[in-house]
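K.L.:
Can you keep this structure in mind? I'll have questions shortly.
The values are calculated or read from the model by the stated rules, or taken from the named source; none is laboratory data. Quick caveat, the model's predicted, so the values are computed rather than measured. Ideal geometry is used to build each Cβ from the backbone, glycine not excepted, and the neighbour counts take in all protein chains shown. Just the protein is used for accessible areas: all its heavy atoms, side chains included, with ligands, DNA and RNA removed. Shrake-Rupley method; radii C 1.70, N 1.55, O 1.52, S 1.80 Å.
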Amino acid sequence: RRRAPGAVAPAGRVVLDSNAVDVTVPSPYGGGLVMIVQVRGVSGIAPEPSQGRWLAYTIDFQGDERYRLMISDLDATESDGTPLAKPQVLRGAVAEDIDSVLAWGGPIRGGAGQRGGGHYLYYATMDETGRPCRLWQKAVVSDGTGGTVESEDRLLYQEQDQRFRVGFQRNRAGTSLLVSLSSHNGTEWRRLPLGTEDEGESELQVVVERSPGLFSDLDEDALGEFHLLTNALPGGSTADRPVTQVNTELRYATGKPGKPWSWVLESTDGGSLEGGVLEYVHCFENGENGDGKTCAVLEGRDGETGQRALWVAFQGEDIKRVGAAGQVVCLDKDLWLANMEYRCDLGVRVSSSTLATLPTTRLVDLAEPNRKDQSAQEDEAAFVFETVFVPTSDGVDIPLSLVRPRGAPPTALVLYGYGSYGFVVDAAFDSDRLPLLARGVAFAIAHVRGGGERGASWHRAGSLTRKAKSVQDLLECARFLKAKRGYAKVSLEGRSAGGYLVGAALNEAEQGLLDGAVLEVPFVDPLGTLSDPSLPLTVNEWEEFGNPLESPPELEAIRDLSPASNVVAGKAYPPMLLRPAKNDARTGWWEAFKFAANVNSFGAPESGLGPVGGATVDLSLGGHFWSGGRTARANEKALSLAFHVSALGVPSDPLELGQSRSGELEPILEAEESASSLGDGLFEIGTGPTEVEVGSFLPGSEGGGDLAKLAELKTSVFSPHLTSVGSIYLQQRKYEDSLREARAVFVAKELGGDASKVIGGAQAEELILGSPRGDLVAWYVTSVVVEPELRGRGIGRQIMQVLLAAASGQGAVGAAYLHVESDNAAARALYRGVGFQEVNSDLAGTGNAEAVQGMKDGQPGEILMGMRL
């Protein structure tokens with residue numbers, strides 16, 4: 001939201017709603033036709049920081065990470081001078097096939113800028129493999145009515161080396177555009193001055209030249225001084241020629257353009273860093289008092305656990321650590337817009353959490369980063385978090401982060417691994433894991449070699465020809481959890497490059513070690529993919545996994561480990577779920593099918609729980625980072641969680657309401673869903689009860705407006721696949737007609753909230769069940785629906801209680817029934833909580849067993865539940 005000029009918060013208007021963005025694109029049928037398509041993701045949101053007039057953002061409507069640039073003039077008006085009700089995308093400002101990152105420059109000096117008050121905008125376009133390789137400057141000028149003044153975009157730089165990708169960022173003072181040219185084996189930095197008279201004609205200046213093995217991160221403060229993290233040996237100057245010697249880890253230096261570097265920190269051993277690993281540097285402006293002090297926040301990793309950590313460096317002072325060891329501590333980048341000025345005296349928002357504690361965001365005084373924040377509250381310790389170190393056969397200890405329900409015995413566990421690119425999987429809180437913990441399943445992260453938990457050397461130890469070390473580390477962790485920690489069953493999970501790790505582990509694991517696996521958008525055919533340079537990312541990946549076309553040792557290492565090429569004939573594989581994505585721009589969807597086909601053809605799948613055939617493939621229509629929309633993502637995650645539960649053989653029901661298997665979870669966890677014969681079976685975790693007012697509509701009562709709103713809610717929940725205006729309208733009318741003809745309808749609104757907003761409801765029909773013992777009048781509940789964002793707050797239970805009370809008040813009604821999907825454990829728990837039970841023969845002595853038996857045949861996969869009134 002952008003605050004209206006002169007208004008006091010929270011007044012404002014919505015200028016971009018990521019849940020309701022559509023985009024007009026050319027029709028595939030040609031003829032100048034256009035069509036409106038659904039957007040799968042909004043990224044790179046960039047308000048112009050100096051005046052706030054412009055809003056630029058990128059959208060992805062296929063999930064393939066090829067974005068479209070959109071720009072709105074937030075000050076555009078109608079012909080009578082009134083603001084546009086909805087900011088419109090500027091005509092002629094759209095660009096195709098760009099990267100998601102955007103950055104604003106300075107104002108346009110002279111020319112067309114005088115007519116429209118324009119600004120420069122920077123973006124990058126991709127080559128045919130999806131590699132950002134060209135940096136562009138766009139002059140954005142509006143005619144003030146939602147139109148645009150056309151201008152030809154200027155190409156600033158084109159990267160010819162296919163290993164390198166173009167990235168960029170505006171420094172926080174707004175004086176420079178810092179451009180990174182990076183591969184898996186080095187980084188180069190260039191700079192473009194912003195806000196100058198000749199910004200529209202300036203060229204990039206080299207700050208740090210590229211050299212094999214030279215990595216760095218760069219920022220520039222408001223005084224024009226560079227702050228550099230680099231693994232180059234001390235010496236040299238900014239814009240120096242390529243270096244030949246490098247350190248293992250990054251060190252901290254500062255310097256003016258063209259001047260020698262001043263090394264602030266030549267070693268991370270000792271002091272507040274205690275062997276920590278530095279990764280990124282962020283500069284903050286000096287405060288309003290103008291004392292001339294510069295301040296930098298250094299992002300990195302704890303020297304022992306490898307978890308994210310922060311340090312603060314004031315010019316001329318000792319470096320101080322932010323927060324305590326053992327926590328994941330990071331800049332809260334979701335709230336960075338609240339720190340637009342990036343001043344030392346304003347502090348910085350920092351988020352901290354563990355696998356067991358909810359994230360806490362606090363404002364840190366950079367001068368005293370560890371001062372106790374009295375407003376911070378400790379979470380109730382419903383879970384136990386610990387970091388253990390798993391010994392390996394070559395004498396290296398592998399960090400293992402683990403969370404489990406307090407008091408729960410060690411029975412089943414999901415073990416996650418990644419181990420590539422020097423990337424670190426943070427041991428931070430993630431609500432997606434709560435459905436596992438609610439069923440007594442522990443979760444662990446194996447920080448194997450190949451990741452970046454212990455810096456560059458840890459990464460190199462599991463890359464290229466040493467990739468097998470990552471796989472052995474994961475297997476050692478699984479053995480440790482079973483033999484030393486007592487977990488009877490372990491299911492693996494890996495995503496993207498983690499699929500390489502997990503797939504290879506499945507091939508190499510001894511019989512009985514692993515009990516299941518979920519591989520999402522998995523990289524499981526590295527031998528085939530890395531042999532084809534025409535595929536996206538292949539050339540870039542050679543520096544991480546090896547080049548099988550030019551290096552015989554790397555070819556041998558890939559061939560010996562590639563999951564799809566090393567399925568063991570006759571081996572009993574545990575059940576596994578592979579989830580590729582059709583529009584994935586990073587890993588080919590065909591890789592998962594190839595691996596699954598080999599497992600199902602040559603392996604001998606284990607009997608018992610899990611899908612028949614060993615490997616099951618579920619193809620998503622989205623991209624590498626989930627399908628579009630919150631509901632679609634929740635559906636996909638629920639499938640993976642349900643598969644783990646099935647493979648591990650734990651009870652599928654969540655904790656009973658008011659009870660807890662561990663005795664400690666109830667304050668945090670309460671399961672509820674949108675329950676009906678059309679229920680979606682999602683795992684929903686609530687944050688607290690919401691009191692509602694439930695109105696009933698019996699035949700002849702008024703309430704057409706509420707029924708129409710309930711029909712809209714049912715359409716959005718039960719028919720999310722509908723995208724066209726016409727199909728949505730027809731479905732809403734169908735639901736509304738059904739509601740008007742029902743025996744009873746119940747509509748829920750939040751007590752004390754918006755009186756016009758319907759947040760839930762239920763519908764019931766009256767049945768006369770005849771049998772030799774006499775007729776039975778019953779209510780049959782056809783649907784219960786709750787606004788998805790409000791699930792888990794007791795709304796469905798309150799609706800059902802009002803419905804059952806109304807049925808009992810009818811006198812002649814003797815029972816209530818409903819059908820529910822057999823795999824919707826949360827729905828069954830909800831209905832049992834209000835008195836329903838599964839129907840096997842007669843129902844609680846109603847004497848109409850024959851009639852009830854006839855109701856049992858619902859849709860496939862459904863069960864009948866009922867209760868006596």
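K.L.:
Rounded, prolate or oblate: pick one for the range 448-526, where a ≥ b ≥ c are the square roots of the eigenvalues of its C-alpha gyration tensor, a/c under 1.5 means rounded, and failing that, prolate if a/b is larger than b/c, else oblate. Kindly include the intermediate steps, with their values, before the conclusion.
P.N.:
On the way: a/c = 2.02, a/b = 1.35, b/c = 1.50.
Cα axes put the range 448-526 in the oblate bin.
K.L.:
Using alpha carbon centroids, what distance separates the range 449-521 and the range 737-769, in Å?
P.N.:
Result: 50 Å between the Cα centres.
K.L.:
Amide H of residue 231: which non-local residues (sequence gap of 5 or more, or other chain) have their own amide H closer than 5 Å, using H built in the peptide plane?
P.N.:
Under 5 Å from the amide H of residue 231 lie the amide H atoms of 215, 251, each far enough along the sequence or on another chain.
K.L.:
Once you place label points 7 Å from the Cα toward the Cβ at residue 708 and residue 88, how far apart are they in nm?
P.N.:
Distance between label points: 2.8 nm.
K.L.:
Could you tell me the accessible area of residue 868 in Å² (1.4 Å probe, neighbours in place), rounded to the nearest ten?
P.N.:
Taking all protein chains as shown, residue 868 has close to 140 Å².
K.L.:
Given a Förster radius of 30 Å and the C-beta distance between residue 757 and residue 50 as r, what FRET efficiency does 1/(1 + (r/R0)^6) yield to the nearest 0.05? Present the calculation step by step, with values, prior to reporting the outcome.
P.N.:
On the way: r = 38 Å, r/R0 = 1.26.
Once rounded, the FRET efficiency stands at 0.20.
K.L.:
Another question, then. So how exposed is residue 783, as accessible area in Å² (1.4 Å probe, rounded to 10)?
P.N.:
For residue 783, solvent-accessible area is about 10 Å².
K.L.:
Once you place label points 7 Å from the Cα toward the Cβ at residue 363 and residue 127, how far apart are they in nm?
P.N.:
That separation, rounded to one decimal, is 4.7 nm.
K.L.:
Between rounded, prolate and oblate, where does the range 353-488 land on the alpha carbon gyration tensor, with a ≥ b ≥ c its root eigenvalues, rounded for a/c under 1.5, else prolate if a/b exceeds b/c? Don't jump to the answer; show the numbers that get you there.
P.N.:
Details: a/c = 2.47, a/b = 1.26, b/c = 1.96.
The shape class here is oblate.
K.L.:
Order the following by accessible area, largest value first: 429, 389, 164, 423. Probe radius 1.4 Å; ligands, DNA and RNA are ignored.
P.N.:
Details: 429 40, 389 65, 164 10, 423 110 Å².
Of 429, 389, 164, 423, the descending order of accessible area is 423, 389, 429, 164.
K.L.:
Could you check the spin-label model distance between residue 43 and residue 198? Points 7 Å from the Cα along Cα→Cβ, value in nm.
P.N.:
Spacing of the two 7 Å Cα→Cβ label points: 3.5 nm.
K.L.:
Which residues' amide hydrogens lie under 5 Å from the amide hydrogen of residue 108, considering only partners 5 or more residues apart or on another chain, with H built in the peptide plane?
P.N.:
118, 119, 120
K.L.:
Also, quick follow-up: Quote the convex hull volume per residue of the range 545-598, based on C-alpha atoms, as a whole number of Å³.
P.N.:
Working: hull volume 5.4 nm³, N = 54.
Measuring per residue, one finds 100 Å³ for the Cα hull of the range 545-598.
K.L.:
Go through 575-581, 564-570 and give me the packing order, highest mean Cβ count within 10 Å leading.
P.N.:
Details: 575-581: 25.3, 564-570: 16.3.
In descending order of packing, they fall as 575-581, 564-570.
K.L.:
To the nearest 20 Debye, how big is the dipole of the range 712-822 about its Cα centre, given +1 on the beta carbon of each Lys and Arg and -1 on that of each Asp and Glu?
P.N.:
The dipole of the range 712-822 has a size of about 120 debye.
K.L.:
Using a 1.4 angstrom probe and counting only protein chains, how large is the accessible area of residue 396 in Å², to 10?
P.N.:
Near enough 40 Å² of accessible area.
K.L.:
Take peptides 745-751, 226-232, 444-450 and line them up by average Cβ neighbours within 10 Å, highest first, as a rough protection proxy.
P.N.:
For the peptides 745-751, 226-232, 444-450, the packing ranking is 444-450, 226-232, 745-751.
K.L.:
Using only the heavy atoms of the protein chains and a 1.4 Å probe, how would 278, 619 rank by accessible area, largest first? Walk me through the numbers on the way to the answer.
P.N.:
Numbers: 278 5, 619 70 Å².
The residues order as 619, 278, largest area first.
K.L.:
At a Förster distance of 25 Å, what's the computed FRET efficiency of residue 719 paired with residue 832, Cβ-Cβ distance as r, to 0.05?
P.N.:
Values: r = 28 Å, r/R0 = 1.12.
That gives a FRET efficiency of 0.35.
K.L.:
I need the phi-derived Karplus couplings for the range 351-356: 6.51 cos²θ - 1.76 cosθ + 1.60, θ = phi - 60°, integer Hz, Gly and Pro marked x.
P.N.:
Once rounded to whole Hz, the list reads 10, 9, 6, 9, 4, 10.
K.L.:
Taking θ = phi - 60°, what integer Hz values does the Karplus form 6.51 cos²θ - 1.76 cosθ + 1.60 yield along the range 445-459, in sequence order, with x for Gly and Pro?
P.N.:
Ordered by residue, 3J(HN,Hα) equals 10, 8, 8, 6, 4, x, x, x, 4, 10, x, 5, 5, 5, 5 Hz.
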